[in-house]
Amino acid sequence: MAGKKYKAALATINRDKFYGVEEAVKMVKASAKAKFDETIEIAMNLGIDPRHSDQNVRGVVTLPNGTGKALRVAVFAKGDKAEAAKKAGADIVGADDLAEKVQAGQMDFDRVIATPDMMVTVGKLGKVLGPRGLMPNPKLGTVTNDVAEAVKAAKGGQVEFRAEKAGLIHAGVGKASFSEKALVENVKAFVSAINRAKPSGAKGTYIKKVSLTSTMGPGLKLEVGSIVG
């Protein structure tokens, strides 16, 4: 049945047309017919080569209306900092004990935050956390003494982004149940963050393509000018 729904949704769009962000959001929402609350996903093709250090695009953005996803946050901290993390809503808090669990493959979390003094321990987990994009990083605000603020940011709609090999970036920017206005605001906030993160080594057209889709629906090309104009 999913195939029929996909074909029906596909019939309503023009694959060659570039849509304004408001129209694209309206159509993507309308095509999200699954029985679950589909994620609205954005994909961007950037004119960069991430293999060069001066062309890396990485950072965080707080979406104004959140992501609609319940993020599980793990915090490496001790003493007062551990207590602060728990009070802020961290799902898992620990130190050497947490490191042992991670080393054993127990990683039931989506974001890792650590205090600077714990990075000696966390650093040893690089081969486990790194490939999953979970390694704490000072530039992303995930290595910090203010763990409470970092936990609140992660839980409040903060999204990490990182360009992959071909200059591709993708992320969830909300749920199909969100209002059109909320989704448009989230899309614009995400694209603006990518625009601000333009690396010094980027030449030519920076944002080449942007598309929007729902988990089970067809993708629409976005008119870049309607987002960052």
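The values are calculated or read from the model by the stated rules, or taken from the named source; none is laboratory data. Model, not experiment: these values are computed from the prediction. A quick note on method: Cβ atoms are made from the backbone with ideal geometry, for glycine too, and the neighbour counts reach across all protein chains shown.
Numbers at a glance
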| item | result |
| --- | --- |
| Positions within segment 174-190 being aliphatic (A, V, I, L, M), closer than 19 Å to Phe36 by Cα and within 16 Å of the chain's Cα centre (by Cα), in sequence order | Leu183 |
| Count - residues of segment 100-111 that are assigned to a helix (DSSP H, G or I) and surrounded by 19 or more Cβ atoms within 10 Å (Cβ to Cβ) | 1 |
| Selection from segment 26-45 of residues that are in a loop (DSSP other than H, G, I, E, B), basic (Lys, Arg) and in contact with a helix residue (DSSP H, G or I) (Cβ under 9 Å, 6 or more places away or on another chain) | Lys33 |
| Considering residues of segment 112-165 that are outside any loop (DSSP other than H, G, I, E, B) and among the polar types (S, T, N, Q) only, the residue modelled with the lowest pLDDT | Gln158 |
| Search result, residues across segment 97-114 that are closer than 12 Å to Lys78 by Cα and under 22 Å from the mean Cα position of the chain (by Cα) | Ala114 |
| Residues located in segment 63-93, provided they are more than 27 Å from Gly172 (Cβ to Cβ), in contact with an Asp or Glu (Cβ under 9 Å, 6 or more places away or on another chain) and buried (at least 18 other Cβ atoms within 10 Å of the Cβ) | Ala77, Lys81, Ala84 |
| Segments classed as strands (runs of 3 or more DSSP E), wholly inside segment 57-99, with at least 1 members that are under 30 Å from Glu180 (Cα atoms) and of a type outside the set (Lys, Arg) | 58-62, 73-76 |
| Residues of segment 174-198 that turn out to be more than 16 Å from Glu23 (Cα to Cα), buried (at least 18 other Cβ atoms within 10 Å of the Cβ) and not small (Gly, Ala, Ser), as a count | 4 |
| Among the candidates Gly130, Gly201, Gly141, Gly156, residue that is more than 24 Å from Tyr19 (Cβ to Cβ) and without any contact (Cβ under 8 Å) to a residue 12 or more places away in the chain | Gly130 |
| Top-ranked residue in segment 139-161 [being surrounded by fewer than 18 Cβ atoms within 10 Å (Cβ to Cβ) and within 17 Å of the chain's Cα centre (by Cα); ranked as farthest from Ala82 (Cα to Cα)] | Lys139 |
